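Here's the structure, in structure tokens; my notes come after.
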Amino acid sequence: QVQLVESGGGLVQPGGSLRLSCAASGSYFNIYAMGWYRQAPGKQRELVAVIRSGGSSAYASSVKGRFTISRDNAKNTVYLQMNSLKPEDTAVYYCNLQVVGNVYWGQGTQVSVSS
């Protein structure tokens, strides 16, 4: 059974920073990518950032230049450093693991940006 456990969410003022972590455990093979998605109230879940097995990354245009995705292969952990946060970044953030033939999701962590 694969588990993804997110941490690091919370309440922050506009312009502030947060760092999300997602630790993967269990048995899985042939990782294609790990990434972060978010879902705001009343909106569809959207891709925020993804890092592929080869190390390349991609970002949503709304977060490019502000967010950075990284990974620690030894710890099976992916991170999302979020800087210059805006109220529109408020959402539940979900970790995502893509392997050949399957996709796994974390339980989500709330990020709220408000003064």
19 Å cut-off, amide nitrogen to a point 7 angstrom out along GLN1 Cα→Cβ, residues in segment 23-45: 23-29
Per residue accessible area of the chain, 1.4 Å probe, in Å²: 54 Å²
13 Å beta-carbon shell around THR77, net charge (K/R +1, D/E -1): +1
Rg to Rh, two decimals, where the chain supplies the alpha carbon set and Rh follows Kirkwood: 0.96
Apportionment of accessible area to carbon and sulfur, the chain, percent (1.4 Å): 47 percent
Gain on full stretching of the segment that runs from GLU88 to SER115 - 0.36 nm per residue minus C-alpha separation: 8.5 nm
Total charge dipole magnitude, the chain, about the Cα centre, Cβ charges on Lys, Arg, Asp, Glu only, Debye to nearest 20: 160 debye
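The values are calculated or read from the model by the stated rules, or taken from the named source; none is laboratory data. Please read these numbers as outputs of a predicted model, since none were measured by experiment. Quick reminder, even Gly has a Cβ in these numbers, built from the backbone with ideal geometry, and neighbours come from all protein chains shown. In case anyone asks, the SASA skips ligands and DNA or RNA and just uses the protein heavy atoms, side chains included. Shrake-Rupley method; radii C 1.70, N 1.55, O 1.52, S 1.80 Å.
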